[in-house]
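Visitor: Dropping the structure in here first, questions after.
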Amino acid sequence: MSTLVAMAKQARHKKSGEDAEASGWDVAPGEALRVGTGFDVHDVDRGATPGWSRGRKDAERLLAAHADELSDLQERLFAEGRSGGSRSVLLVLQGMDTAGKGGIVRHVVGLVDPQGVQHRSFGVPTAEERAQHYLWRIRKALPDPGHIGVFDRSHYEDVLVVRVNELVPPEEWEPRYDEINAFEQEITDAGTTVVKVALLVSHDEQKARLTKRLERPDKFWKYKPADVDERAKWPAYQEAYQAMLDRTSTSTAPWHAIPADNKWFARLAVSELLLDVLRGLDLGWPEADFDVEAEKRRLAES
Ligand code: ADP
């Protein structure tokens, strides 16, 4: 590496460290949560708050303090899309039942204008979907230019639930990791920044959350007896998550592993990751495609 490149790298690193400190993070969330080589899902303390040592109140304050910027950047992205731009962002949320995907959608994605958000959740494939390649329904749901797409579950179910329950033989799911990497490279090249978030809840916390659903009539609708069947396969799911994180955390579309026993932390972490990505797009405002002064005159005379 040339000295110049090394110096630039160092300066960038220092800057992101300073930015992190200024906003309350000890380590920038992109760095603290990113899945790299040697990552082991079994070692993740699901109650931890990597990169953040300030506690809940400060986390909630920061989430609120950054809401305006998040919303402003989303509006710029939307405006760019309206003006012929091709860029978009795709937030991929994966997690075991009760991990808090819905809460992220409400509390983080909910901070921006809904008209700029395209939310899709992926359940058991329909008969029509089953007749197609597994990426067929995913491609159809990709965000339009200028939008933030949110996948509540995603193509990764095809190497998670499908692998654990042997819904297709290994020869069929095994090549999917590479295929998914190629797919994400393709959509990235076309202008979509992919932000992948694995919400990691603990076995005990999942039980507590499921128990709550059974104790409160206003939560019955969220409870499905089948959730307990999947819970019984916890070790197999952790293995499937490990394989997914090992094989599909690429430099193009890295995974972020987010301990999710503290909902306040998961929400802060995802909002900061999203904010980071939007800041990185360096979004301006589109130029007027009309003569502003002439329009002012016309309007004044009208
Ligand atoms: P959630 O549990 O996310 O609130 P649902 O109750 O609709 O939403 O559950 C979706 C279910 O669909 C999950 O159990 C998930 O594993 C399953 N699912 C999603 N994608 C697939 C797939 N490709 N093949 C089989 N099952 C899938």
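The values are calculated or read from the model by the stated rules, or taken from the named source; none is laboratory data. No experiment lies behind these values; they were computed from the predicted model shown. All Cβ positions, glycine included, derive from the backbone under ideal geometry; neighbour counts span all protein chains shown. Only protein heavy atoms, including side chains, enter the accessible area calculation; ligands, DNA and RNA are left aside. Shrake-Rupley method; radii C 1.70, N 1.55, O 1.52, S 1.80 Å.
Visitor: Rounded to whole Å and sorted largest first, list the principal axis extents of the Cα atoms in the range 165-214.
Guide: Result, largest extent first: 44, 31, 16 Å.
Visitor: Taking the Cβ of G103 as the center, what net charge do the other residues with Cβ under 10 Å away carry, scoring Lys and Arg +1 and Asp and Glu -1? Don't jump to the answer; show the numbers that get you there.
Guide: Numbers: positive: K101, R106, K263, R267; negative: none.
Local charge sum for G103: +4.
Visitor: Could I ask something else about it? Where in the range 76-90 is the amide nitrogen less than 18 Å from a point lying 7 Å along the Cα-to-Cβ axis of W285?
Guide: Of the residues in the range 76-90, 76-85 have backbone N under 18 Å from the label point off W285.
Visitor: Show log10 I(q)/I(0) for the chain at q = 0.07, 0.08, 0.10 Å⁻¹, two decimals, from a solvent-free Debye sum over equal Cα scatterers.
Guide: -0.31, -0.40, -0.61
Visitor: Still on this structure: Restricting to Cα pairs below 8 Å that are 6+ residues apart, what does the relative contact order work out to for the chain? Please round to a whole percent. Can you show the working numbers first?
Guide: Details: 393 pairs, mean separation 87.6, N = 302.
Relative contact order, the chain: 29 percent.
Visitor: Please find the FRET efficiency linking V161 to F39, where r is the Cβ-Cβ separation and R0 is fixed at 22 Å, and quote it to the nearest 0.05.
Guide: Taking R0 as 22 Å, the efficiency between V161 and F39 is 0.55.
Visitor: What percentage of the solvent-accessible surface of the chain, computed with a 1.4 Å probe over protein heavy atoms, is contributed by carbon and sulfur atoms?
Guide: Numbers: 8240 of 15880 Å².
The value for the chain is 52 percent carbon and sulfur by accessible area.
Visitor: Using a Gaussian network for the chain with springs between C-alpha atoms less than 10 Å apart, which of these wobbles most: Q185, Q94, Q74?
Guide: Looking only at Q185, Q94, Q74, the largest GNM fluctuation is found for Q185.
Visitor: With Cβ to Cβ distances under 15 Å as the rule, what net charge do the other residues near E287 carry (K, R +1; D, E -1)?
Guide: Net local charge, E287 excluded: -3.
Visitor: Please report the antiparallel percentage of DSSP beta bridges with both residues in the chain, rounded to the nearest 5.
Guide: Beta bridges within the chain, antiparallel portion: roughly 5 percent.
Visitor: Leaving out ligands and nucleic acids, and using a 1.4 Å probe, what accessible area per residue does the range 48-279 come to in Å²?
Guide: Heavy-atom accessible area per residue stands at 45 Å².
Visitor: Starting from the Kirkwood radius over alpha-carbon pairs of the range 92-188, derive D by Stokes-Einstein at 25 °C in a medium of 0.890 mPa s and give it in µm² s⁻¹.
Guide: Details: Rh = 14.6 Å.
Reported coefficient: 168 µm²/s.
Visitor: Separate question: Of R213, R176, R153, which has the largest mean-square fluctuation in a 10 Å C-alpha GNM of the chain?
Guide: The residue that fluctuates most here is R213.
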